[in-house]
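Asks: Below is the structure I would like to discuss, written out as structure tokens.
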Amino acid sequence: MKNFNLALLLAATLAGNGVSAQTDTNRGDNDVVWKPQTVLSYVKNSESDSWGKPETITYTYDQYGYVTSVDNGRKTTYTYDPAVPGYLIDTRLPSLWGGEGEEWDDNNYYHEEVARDANNRVVSAKYVFDQSGTMYGTLDVEYDETTGKAKKMTVKLGDAYTRVFDDIEWAAFDGTRLKIDPYIITDPGYVEQLLTGPNRIKSANNFNVEYTADGGYKTKYGGYTFIKTITDANGSYVKEKNLYRSDKIYEGKKTIVTLDNHGNVVKKESLSCEENGIYEGDTPLTCEYTYNSDYGYPETRIGDDMDEGVRVDGIIKLEYRDYLRFAITGINNVSTDNSVCSDGVYNLNGVKMSSEKSLPNGIYMKRMNGRTVKILK
């Protein structure tokens, strides 16, 4: 079993905004992002209906605004590839408490050895999930030099499992940020890394994805059906992962995400379905977020532990404080190479928007004739 969830780190690090640090602390610009240095974490006692004593979590960042450490009494560190800001290559994550008298150690971690070509594209990578090196995976990439995109990817999990993606067509591609979690071979859920972000597969051998103009998709992989449906103009969506038997959902998970008109997540709900074939009637895991109305930085997060997918005994509340100001300079997830990135307007997650005229309020990058400029709505 893998010690470390690479997919969660990809979600946290590859969705970065492409920012450079500023010493200015004025909170008035629309073209900046705010990152907290301190987070207070509370758990609400279900019997007394009161918040317990907060745990203090501190964050540090690099010059681009990516997290370099998280410290809640046991410090987790993050290291990025110098060639590509925000491309994670190393994480030291203290292991779980083993028992009375035992101490934390650095046995659980993630380390990547990546090789790049002259165009800075990933050609091979080795992902290591423990210090002994026994838990690992690899990626080897062949490129079509006419298009500049990957035409074949060979993913291995240890020496036992191999999955080849061949004759690939891409809906979006950035070879500088290509990263495949090898557990995609044994866990179908990891296919979502190829449906969102800077690298989105349209088709490969026996694998096809239907994308909608607004950013939704539908595909089948490993026996499961994956669906993302956009539900409003802000980009709110519903994601489903369903396993069907006799045309009825045998096992499923549904995530409902509500965004405000700036693209911020304001509410997450998660529902599970097992054997009964319906989601209705379940009480979802729920988490709600608030933001400063003038400057856009997050202020609170209240709800179940959505990241771990469990309901805790009491509600978690996070309060964000001591912000650093980072000025947005571009989108790291959108390549500036004409061969792999077409003209158009992209949001800060690297997703191409269907039309510039109907964009919700927020910050976007517009690419035209090989140049990229920032636009505000």
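The values are calculated or read from the model by the stated rules, or taken from the named source; none is laboratory data. Keep in mind it's a predicted model, so treat the numbers as computed, not measured. No Cβ is skipped: glycine too gets one built from the backbone with ideal geometry, and neighbour counts run over all protein chains shown. Please note that ligands, DNA and RNA were not included when accessible areas were found on the heavy atoms of the full protein model with its side chains. Shrake-Rupley method; radii C 1.70, N 1.55, O 1.52, S 1.80 Å.
Asks: Being open to solvent by 40 Å² or more (accessible area, probe 1.4 Å), modelled with pLDDT under 85 and either in contact with a strand residue (DSSP E or B) (Cβ under 6 Å, 6 or more places away or on another chain) or within 17 Å of residue 235 (Cα to Cα) (or both) is the filter here; which residues of segment 247-262 pass it?
Replies: Scanning segment 247-262 gives 250, 251, 262.
Asks: Quick check on residue 92: is it modelled with pLDDT of 95 or more, touching a strand residue (DSSP E or B) at 6+ places or on another chain (Cβ under 8 Å) and over 28 Å from residue 296 (Cβ atoms)?
Replies: So residue 92 does not fit the description; no.
Asks: Determine, yes or no, whether residue 174 is out of contact with any strand residue (DSSP E or B) (no Cβ under 9 Å at 6 or more places or on another chain), closer than 22 Å to residue 88 by Cβ and in contact (Cβ under 8 Å) with a residue 60 or more places away in the chain.
Replies: Here the answer is yes, as residue 174 does meet what is asked.
Asks: Which of (1) at pLDDT 95 or above; (2) among the hydroxyl-bearing types (Ser, Thr, Tyr); (3) touching a Leu at 6+ places or on another chain (Cβ under 6 Å) does residue 109 not meet, given it meets every other one?
Replies: (1)
Asks: Scan (1) at pLDDT 90 or above; (2) open to solvent by 30 Å² or more (accessible area, probe 1.4 Å) for the single condition residue 122 breaks and write down its number.
Replies: With respect to (1) at pLDDT 90 or above; (2) open to solvent by 30 Å² or more (accessible area, probe 1.4 Å), residue 122 is out only on (2).
Asks: Still on this model: Tell me, which residue of segment 200-224 that is open to solvent by 10 Å² or more (accessible area, probe 1.4 Å) and polar (S, T, N, Q) is farthest from residue 272 (Cα to Cα)?
Replies: My answer is 205.
Asks: Whether any residue in segment 207-230 is over 30 Å from residue 284 (Cα atoms) and free of Cβ contacts under 8 Å to residues at least 60 places away in the same chain is what I want to check.
Replies: The answer is yes, given that some residue of segment 207-230 is over 30 Å from residue 284 (Cα atoms) and free of Cβ contacts under 8 Å to residues at least 60 places away in the same chain.
Asks: Here's a check for you: in segment 141-192, which residue that is touching a Leu at 6+ places or on another chain (Cβ under 6 Å) and not in a loop (DSSP other than H, G, I, E, B) is surrounded by the most Cβ atoms within 10 Å (Cβ to Cβ)?
Replies: Among residues in segment 141-192 that are touching a Leu at 6+ places or on another chain (Cβ under 6 Å) and not in a loop (DSSP other than H, G, I, E, B), the one surrounded by the most Cβ atoms within 10 Å (Cβ to Cβ) is 182.
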